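One structure is given below, encoded as structure tokens.
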Amino acid sequence: MRLDDRLGRDPVRVVVDSQARTPPSASVIASSRTAPCIIATTETAPRERIAALEKAGAAVWLLPQDPFGRVDLLALASKMAEEGIVHALVEAGPRLQAAFIQAGLTDRLIVIYAPKTFADPQALSMLAGAPLWQIENAHRWRVIRHYQVGDDIVVELERSLRQVPCQPAE
């Protein structure tokens, strides 16, 4: 996100990339002159990729892995807090977003529904992660508001205070 009106400051960009695969030429890094770009990667990421990212202007944080070899999101949240980053807008694919929710790091969701349909048997759902087969294990959300922007419908949700601990089905 870039602020065109310059009334505020551009947000810090944090890219979660367990193996430092982000190309050094990526626009998120090239725009780091106006706002820092941090690549959060694991200690197992190839050193030559890390060096290339740093040379391109990105800061690289080496973090522990979770049990699946990905960036440990609780360690990332802790590091962000140490650096004074206490709010984050997470733009993620279904697996990473589900991991943030599963880790208890998501307080609010903004879901945008576009009036378009696609048919792809390989497509992931909005959230992809450990299967939850029982409704009592579902994450609970409360609708704060909903509105239309052009043809799109925006729904803002907040984590319910009556949260049931989420356990994947066996």
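The values are calculated or read from the model by the stated rules, or taken from the named source; none is laboratory data. Here the structure is a predicted model, which is why all the values come from computation and not from measurement. Using ideal geometry, Cβ is built from the backbone for each residue, glycine included, and neighbour counts are taken over all protein chains shown. Only protein heavy atoms, including side chains, enter the accessible area calculation; ligands, DNA and RNA are left aside. Shrake-Rupley method; radii C 1.70, N 1.55, O 1.52, S 1.80 Å.
Residues checked against (1) modelled with pLDDT under 95; (2) farther than 21 Å from residue 84 by Cα; (3) assigned to a loop (DSSP other than H, G, I, E, B); (4) out of contact with any helix residue (DSSP H, G or I) (no Cβ under 9 Å at 6 or more places or on another chain):
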position	(1), (2), (3), (4)
4	yes, yes, yes, yes
11	yes, no, yes, yes
23	no, yes, yes, no
32	yes, no, no, no
35	yes, no, yes, yes
51	no, yes, no, yes
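Scanning the range 127-142 for residues that are at pLDDT below 75, surrounded by 10 or more Cβ atoms within 10 Å (Cβ to Cβ) and not in a loop (DSSP other than H, G, I, E, B) yields one hit, 137. For the structure I just gave you, tell me whether residue 60 is assigned to a loop (DSSP other than H, G, I, E, B) and either within 28 Å of residue 122 (Cβ to Cβ) or β-branched (Val, Ile, Thr) (or both). Against the criterion (assigned to a loop (DSSP other than H, G, I, E, B) and either within 28 Å of residue 122 (Cβ to Cβ) or β-branched (Val, Ile, Thr) (or both)), residue 60 does not qualify.
Taking the conditions (1) loosely packed, with under 10 Cβ neighbours inside 10 Å; (2) more than 15 Å from residue 106 (Cβ to Cβ); (3) modelled with pLDDT under 70 in turn, residue 124 satisfies each one other than (1).
Restrict the check to the range 42-54 and report whether at least one residue is open to solvent by less than 50 Å² (accessible area, probe 1.4 Å) and within 18 Å of the chain's Cα centre (by Cα).
Taking every residue of the range 42-54 in turn, at least one turns out to be open to solvent by less than 50 Å² (accessible area, probe 1.4 Å) and within 18 Å of the chain's Cα centre (by Cα).
Quick one: which residue in 109, 105 is modelled with pLDDT of 80 or more, under 13 Å from the mean Cα position of the chain (by Cα) and part of a loop (DSSP other than H, G, I, E, B)?
Details: 109 fails: part of a loop (DSSP other than H, G, I, E, B).
Just a single option satisfies the conditions, and that option is 105.
Scan the range 76-115 for residues that are among the hydrophobic types (A, V, I, L, M, F, W, C), open to solvent by 50 Å² or more (accessible area, probe 1.4 Å), closer than 23 Å to residue 36 by Cβ and touching a residue at least 24 places away in the same chain (Cβ under 8 Å) and jot them down. 88, 89, 96, 105, listed by residue number.
Each residue in the range 12-30 was checked for being open to solvent by less than 40 Å² (accessible area, probe 1.4 Å) and of a type in the set (Gly, Ala, Ser), and 3 pass. Of all residues in the range 61-73, those that are open to solvent by less than 60 Å² (accessible area, probe 1.4 Å) have Cβ atoms under 6 Å from Cβ atoms of residues that are modelled with pLDDT of 95 or more and of a type in the set (Ser, Thr, Tyr), 6 or more apart or on another chain, in 71/18; 71/42.
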